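What follows is calculated from the coordinates using simple rules that are stated; it is not laboratory data. Just so we're clear, the structure is a prediction, and the values are computed from it rather than from any experiment. All Cβ positions, glycine included, derive from the backbone under ideal geometry; neighbour counts span all protein chains shown.
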Amino acid sequence: MPTSTPNYQSYSDHQLTAACLRSERNAWEELVHRFSNLIYSIPLKRCGLVMEDAEDIYQTAFQTIFEKLDTLRDKEKLRAWIVSITWRQCLNLIRSRKERATPEEPPEIEDKEPLPDRRLSSHERREALCDALRELNDVTARAIIECRFYEDLSYREISRTLGLPIGSIGPTLGRSLEKLDKILKRRGISKNLL
C-alpha cells in the first residue's frame with residue numbers, strides 16, 4: 001500500500017523540526033522554503049549588507065541549521081533560533097570587516113526633507129523606521145531593537161541570540177531607542193506621527 005507524502009507546508013515549526021530530524025528530505029526542502037525570505041531579510045534589510053554578503057550568510061546559516069538542528073532544545077523556538085544564527089553570521093561578518101578596515105571619514109548622511117505634519121500610513125511608518133534603523137551606526141544597537149520589537153524576543157532570548165550579557169540588553173536598548181528618536185526628529189518625524 002503506497003504511503004502519501006506528508007504536507008509539510010501545514011506542519012508547525014515543531015512538527016517540521018521533528019520531520020527534519022527524522023531525515024525526511026521533503027521536510028528539509030520545506031524548512032528551506034519557509035525560512036529563506038527571513039534569512040535573506042536580515043543581512044539585506046536589517047544590516048544593510050549587499051546581496052553577495054546575504055548569499056554567503058544564507059549558505060552559512062543553512063549549513064549551521066543542517067549541522068546543529070539536533071541541538072535545538074525548544075522546537076517551538078525554531079524561528080528565533082534561525083534568526084539568532086543569521087544575526088550572528090551578520091555580526092561576525094561586520095566585525096571581521098571592521099577589524100580589517102582602515103580608519104576613514106564617516107560617510108556623509110544625506111539630509112532629507114522633513115515629512116509633512118500628518119499621520120503616516122503604515123507603509124510610510126515602516127519605511128521611516130527602517131531608514132532610521134539603517135542610519136544607526138551600531139549594528140548591535142540595530143540588532144537589539146530588531147530582536148526586541150520585530151522578533152518579539154525576551155531579554156534572555158536576545159542575550160542568547162546576540163551573545164551579549166543579559167544585564168547589558170536593557171541599557172543598550174534604551175540608548176539605542178534614544179539615538180533612533182534623535183534620527184527621527186532630525187528627519188522631522190515625531191513619535192506622535194508614527
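Measuring against 27 Å, Cα to Cα, the residue pairs K45/K179; K98/K179; K75/K179 contain K75/K179 as the ones spanning a longer distance.
Mean separation of Cα pairs under 8 Å and 6+ residues apart, divided by the residue count of the stretch 128-187: what relative contact order is that in percent?
40
For A18, the shell of other residues with beta-carbons less than 12 Å away shows a net charge of -2, using +1 for Lys and Arg and -1 for Asp and Glu.
Which order, highest average first, do 133-140, 83-90 follow once you tally other Cβ atoms within 10 Å for each residue and take the mean per peptide?
83-90, 133-140
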